[in-house]
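The values are calculated or read from the model by the stated rules, or taken from the named source; none is laboratory data. Predicted model, so just to flag it, every value in this text is computed and none were measured. Positions of Cβ are backbone-derived with ideal geometry, glycine not excepted, and every protein chain shown enters the neighbour counts. Heads up: the accessible areas ignore ligands, DNA and RNA and are worked out on the full protein's heavy atoms, side chains in. Shrake-Rupley method; radii C 1.70, N 1.55, O 1.52, S 1.80 Å.
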Amino acid sequence: GQPVYNFRTELTHALRDNIDVTAGFGIEIEDSGKQTDRTYDAGVGLAWKLNPVLSWTAGYDFTWLDSGAKNGDYTEHRLSTGLTVSS
């Protein structure tokens with residue numbers, strides 16, 4: 001087994017009764033003994049409540065892997081949108 005350390009924080013603010021904005025940041029550290037990988041993640045999102053059951057969501061996420069292995073680093077940008085149905 002390898003120890004993995006995670007830290008994540010997220011904040012949601014209601015702009016209006018039907019619009020929520022979310023921002024978050026996270027770090028994951030994986031130590032294999034030979035190398036240490038660090039993954040940084042940040043994102044923002046929006047939820048627009050169309051009615052009490054249906055919400056439209058949109059978000060942007062950024063991920064950066066700082067790998068302990070040579071040439072193992074990468075970055076990822078992700079845009080997403082969707083519908084959320086809640087009961």
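Data table
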quantity	calculated
Listed candidates (1) 14.9; (2) 14.0; (3) 16.3 - label of the one calculated as Kirkwood radius over Cα pairs in Å	(1)
Efficiency of FRET from Cβ geometry, residue 29 and residue 62, R₀ 25 Å, rounded to 0.05	0.90
Percent accessible area from carbon and sulfur atoms, the chain, protein chains only, probe 1.4 Å	56
Per residue value of the accessible surface for the chain (all protein chains in place, 1.4 Å probe), Å²	74
Note, ³J(HN,Hα) from phi for the stretch 75-84, Karplus 6.51, -1.76, 1.60, rounded to Hz, x at Gly and Pro	10, 9, 10, 9, 9, 9, 8, x, 10, 10
Coil-residue trypsin sites (Lys or Arg not before Pro) of the chain, DSSP, other Cβ within 10 Å capped at 13	34, 70
Nitroxide proxy distance, nm - points 7 Å out along Cα→Cβ at residue 78 and residue 46	2.0
